[in-house]
There are 2 protein chains.
Amino acid sequence: MTEKLSIAQASAIAAEDFAGEGDDTSKSNMFTIGDLAREFGVTLRTLRFYEDKNLITPHRDGLNRLYTRRDRARLKLVLMGKRVGFSLSEIKDMLDLYDLRDGQVTQLKVALGKFNEQISILERQKKDIEQALTELRRTVAVVSGLLKEKEQAGAT
Amino acid sequence: MTEKLSIAQASAIAAEDFAGEGDDTSKSNMFTIGDLAREFGVTLRTLRFYEDKNLITPHRDGLNRLYTRRDRARLKLVLMGKRVGFSLSEIKDMLDLYDLRDGQVTQLKVALGKFNEQISILERQKKDIEQALTELRRTVAVVSGLLKEKEQAGAT
DNA sequence: CTGGACGTTGACGCAAACGTAAGCTATGCC
DNA sequence: GGCATAGCTTACGTTTGCGTCAACGTCCAG
């Protein structure tokens with residue numbers, strides 16, 4: 001919510017993203033850090049940071065990181081989470097929960113709860129912004145008025 | 001924009017707030033730090049912090065701070081600025097400019113510009129939030145769907 | 001052999017707005 | 001005398017999400 005919400009990449013969620021995937025460790029299903037960075041428009045630093053925060057845990061080829069489809073899916077969820085205003089730690093909680101997958105039902109319910117919470121929060125923020133806008137517009141009107149007075153007084 | 005926008009205190013702007021005041025240094029027009037803190041619902045720490053940032057510069061009675069009506073008016077503007085999303089440093093810029101008061105016309109124009117900028121920013125944020133809300137609601141729908149499937153499958 | 005391209009691990013920096021001690025002073029009141 | 005109240009200063013801590021060096025390792029084309 002700081003600068004830009006790059007809606008461009010990291011497209012929408014599909015039901016697919018919530019389904020488990022057979023972890024295909026074959027060659028073409030692996031990505032380098034650069035691959036993912038380009039694909040999702042984030043920096044390498046960002047991906048390493050996410051790893052540091054245990055949001056994504058790629059395998060290694062020696063020192064080099066190797067991301068699977070699953071990692072990629074998680075990244076997608078992380079970015080989607082950010083877009084809708086979750087903090088990374090909140091996202092982590094949900095992902096961790098996701099990993100427990102006790103048949104997933106409980107997990108989905110919890111996630112659903114958080115989503116609804118977040119919806120409330122965003123609705124609140126929206127209202128705050130609307131209030132601020134109202135106030136600002138009123139102020140602009142007031143100041144504009146003053147300005148006209150002053151300019152007329154000056155022109156007199 | 002972090003937690004609560006305490007709309008309660010620190011009421012709206014009046015044209016008065018943009019007019020210069022005769023700095024009345026008589027007794028009843030002075031406030032202690034506690035006075036202002038109570039009146040505007042901020043902590044002493046906050047007021048000292050603002051002073052540190054040169055937003056307000058109260059006089060002293062020995063060590064103790066003494067705020068004039070003018071200081072009070074500035075505080076009011078600071079809080080209003082915060083409410084509508086300006087950072088303290090932006091607010092400082094505007095206040096500084098205000099102090100130049102080259103007949104105030106230039107000042108008012110500049111402020112007007114900033115206000116309009118801020119309006120654009122807020123409108124943008126509002127749109128972002130609306131997008132996030134849309135995405136979240138869609139996700140909730142998807143997940144709810146999955147959940148129903150799962151539960152039915154489980155009940156079979 | 002050399003210069004890029006790509007990758008690695010630290011680790012400090014930053015912005016915003018105060019919170020939170022810690023410890024001292026000054027004044028008033030009973 | 002003694003305590004409460006109000007105020008003072010200094011200064012480190014917090015939170016979030018990376019940016020930005022620094023200082024190297026590795027591999028490939030030319």
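The values are calculated or read from the model by the stated rules, or taken from the named source; none is laboratory data. Because the structure is a prediction, the values reported are computed rather than measured. Here the Cβ positions follow ideal geometry from the backbone for every residue, glycine too, while neighbour counts run over all protein chains shown. Heavy atoms of the whole protein, side chains included, go into the accessibility calculation; ligands, DNA and RNA do not. Shrake-Rupley method; radii C 1.70, N 1.55, O 1.52, S 1.80 Å.
Here are the numbers for the structure shown:
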quantity	calculated
Single condition A:Leu63 does not satisfy, out of (1) within 10 Å of another protein chain (Cβ to nearest Cβ); (2) over 17 Å from the mean Cα position of the chain (by Cα); (3) without any contact (Cβ under 8 Å) to a residue 12 or more places away in the chain	(1)
So B:Gly85, is it buried (at least 18 other Cβ atoms within 10 Å of the Cβ) and not in a helix (DSSP H, G or I)	yes
Residues that are open to solvent by less than 50 Å² (accessible area, probe 1.4 Å) and closer than 22 Å to B:Glu90 by Cα, drawn from region B:42-71	B:Val42, B:Thr46, B:Leu47, B:Tyr50, B:Glu51, B:Leu55, B:Ile56, B:Pro58, B:Asp71
Given (1) outside any helix (DSSP H, G or I); (2) open to solvent by 70 Å² or more (accessible area, probe 1.4 Å), index of the condition A:Glu151 fails	(1)
In region B:73-88, residue farthest from B:Glu117 (Cα to Cα) [restricted to those that are in contact (Cβ under 8 Å) with a residue 24 or more places away in the chain and within 16 Å of DNA strand D (Cβ to nearest atom)]	B:Leu75
Matching residues in region A:111-130 - criterion: being surrounded by 15 or more Cβ atoms within 10 Å (Cβ to Cβ) and either in contact with a Leu (Cβ under 6 Å, 6 or more places away or on another chain) or at the interface with chain B (Cβ under 7 Å from one of its Cβ atoms) (or both)	A:Ala111, A:Leu112, A:Phe115, A:Gln118, A:Ile119, A:Leu122, A:Gln125, A:Lys126, A:Asp128, A:Ile129
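Yes or no, residue by residue, for (1) at pLDDT below 90; (2) assigned to a helix (DSSP H, G or I); (3) surrounded by fewer than 18 Cβ atoms within 10 Å (Cβ to Cβ); (4) within 10 Å of chain A (Cβ to nearest Cβ):
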| position | (1), (2), (3), (4) |
| --- | --- |
| B:Val78 | no, yes, no, no |
| B:Asp93 | yes, yes, yes, no |
| B:Leu136 | no, yes, no, yes |
| B:Val142 | no, yes, yes, yes |
